[in-house]
1. Of the residues that sit in the range 17-65 and are in a loop (DSSP other than H, G, I, E, B) and of a type in the set (A, V, I, L, M), which one is farthest from Phe236 (Cα to Cα)?
2. Which is closer than 15 Å to Val3 by Cβ and modelled with pLDDT under 95, of Ala414, Ala399?
3. Determine if the range 256-268 includes at least one residue that is under 22 Å from Arg344 (Cα atoms), part of a helix (DSSP H, G or I) and not assigned by TED's automatic domain parsing to the domain that holds Gly42.
4. State yes or no: is Ala245 crowded, with 24+ Cβ neighbours inside 10 Å and either in the same structural domain as Gly305 (by TED's automatic domain parsing) or over 20 Å from Trp105 (Cβ atoms) (or both)?
5. Determine, yes or no, whether Asp338 is crowded, with 23+ Cβ neighbours inside 10 Å and not aliphatic (A, V, I, L, M).
6. Go through the range 269-281 and give me each residue that's modelled with pLDDT of 95 or more and not in a helix (DSSP H, G or I).
7. Given the criteria at pLDDT 95 or above and crowded, with 24+ Cβ neighbours inside 10 Å, does Glu331 qualify?
Amino acid sequence: MAVRFDPTGPLRGSLRPPPDKSISHRAALIAAMGEGETTIEGYLDSADTRSTLDAVQACGAEVEGVGPVGVEPELRVRGVGLRGAGDAEIDVGNAGTLLRLLPGWLAGQPEGRWKLDGDDSIRRRPVDRVAEPLRRMGAEVRCREGRLPPLEIEAAELHGIEYPMPIASAQVKSCLLFAGLLAEGPTWVGEPLRSRDHTERMLAAAGADVIWINGGVQVRPTKRLEPGHLVVPSDFSSAAFFLVAALLVPGSEVVLEGVGANPTRTGLLGVLRRMGAEIEVEPLGGARGGEPAARISVRSAALRGTEVAGAEIPLSIDELPLVALAACFAEGETTIRDAGELRRKESNRVATTCEALNALGGSAEETDDGMRIEGSDGLRGGTVRSHGDHRIAMLAAVAGLASVEGVEVDGMGAAAVSYPGFERDLASLSAVPRP
């Protein structure tokens with residue numbers, strides 16, 4: 001499906017972005033592992049998160065409260081307990097988070113077999129980074145060609161390990177923490193750089209023994225989880241598209257309400273401020289489960305190039321394509337390094353980001369571990385293929401608003417994976433076209 005996004009006047013107004021996708025996935029999984037009924041307030045309704053609900057139901061959990069598509073539900077999940085998952089063949093759809101987190105729980109079950117498969121995109125996404133450490137814990141895990149889905153899991157007795165991750169990954173860390181709940185002895189996962197910590201916060205709130213120690217996260221075996229009530233804040237990664245749109249479209253002023261402000265997710269704010277952005281963050285207090293939220297205000301600004309690398313990368317990994325877009329409108333060169341993880345997303349986001357920006361008149365060059373963008377007066381416009389990647393589709397839409405001639409997005413439907421109402425919300429902030 002091709003959709004055109006034309007240049008616009010100043011973006012004005014306020015909106016509340018949809019609930020956090022990462023936290024929604026984790027909330028459903030932890031609720032399924034829990035005892036009794038857990039309510040989840042503000043669960044994201046998207047294709048990916050519905051795949052997670054389908055998965056936990058296939059394993060035996062009961063889910064109530066799912067409404068019409070696009071309506072954020074308050075869910076009630078009756079869990080099966082940490083050790084009660086039943087046999088299942090699970091279609092993860094396009095949900096990479098589900099594919100990498102769920103095996104940790106299933107691998108330590110007392111009995112059962114599971115097969116996880118998905119769409120064509122998922123079948124190209126490697127799972128060896130979770131399969132290999134799970135095997136070290138004693139798991140029975142098999143995957144195609146040793147590294148690709150489908151992923152087959154057979155119940156096994158697990159033992160805790162110390163695993164220093166070679167690359168910071170919240171998904172790998174979360175998978176091993178789930179497995180560690182069921183293992184004999186403590187499990188420690190070391191991080192070369194701090195990654196998002198939603199899983200640790202939510203497990204601790206549900207009663208697990210989780211601590212940050214010696215540059216990593218340790219979990220001890222747990223008898224039961226009792227999540228009780230979880231609240232999902234608005235998704236910072238979704239809010240980021242409006243942040244960057246407001247920066248790039250002259251005269252814009254936008255307020256984003258109730259946005260998740262977990263410091264392990266908001267690295268983009270520091271990057272944009274360094275580029276010259278005027279962004280105000282007003283804390284709103286913590287949501288249940290330990291997740292802070294904030295009101296974020298942003299106005300258009302002249303930008304300058306910067307370098308993004310090292311510890312900033314895992315704190316802004318999903319927003320790096322937006323940094324590259326902003327860099328096209330900045331003065332000077334912007335370099336993104338240490339971001340090889342971008343090549344393992346729904347698309348190779350190093351390649352697809354550079355392809356999109358160059359197709360619109362930008363100057364973006366791939367490097368081994370990132371990209372280099374030469375700033376200019378902005379983007380001319382043109383056509384962008386989403387490659388089935390929701391973030392590339394939404395990036396191209398934002399580019400259209402700030403471009404000279406507009407942008408046609410081929411495959412805009414991919415945005416529904418994480419943000420079914422994106423086009424509507426973007427239009428709500430748009431004014432009359434520029435003369």
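The values are calculated or read from the model by the stated rules, or taken from the named source; none is laboratory data. This is a predicted model, so every value here is computed, not measured. Every residue, glycine among them, receives a Cβ derived from its backbone with ideal geometry; neighbour counts consider all protein chains shown.
1. Ranking the qualifying residues of the range 17-65, first place goes to Ala61.
2. Ala414
3. yes
4. Judged against the criteria, Ala245 is a match.
5. Criteria not met by Asp338.
6. Met275, Gly276, Ala277, Ile279, Glu280, Val281
7. So Glu331 does not fit the description; no.
Every residue, every condition in (1) outside any helix (DSSP H, G or I); (2) surrounded by 24 or more Cβ atoms within 10 Å (Cβ to Cβ); (3) of a type in the set (Ser, Thr, Tyr); (4) assigned by TED's automatic domain parsing to the domain that holds Leu248, yes or no:
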position	(1), (2), (3), (4)
Asn358	no, no, no, yes
Leu395	no, yes, no, yes
Val398	no, yes, no, yes
Pro420	yes, no, no, yes
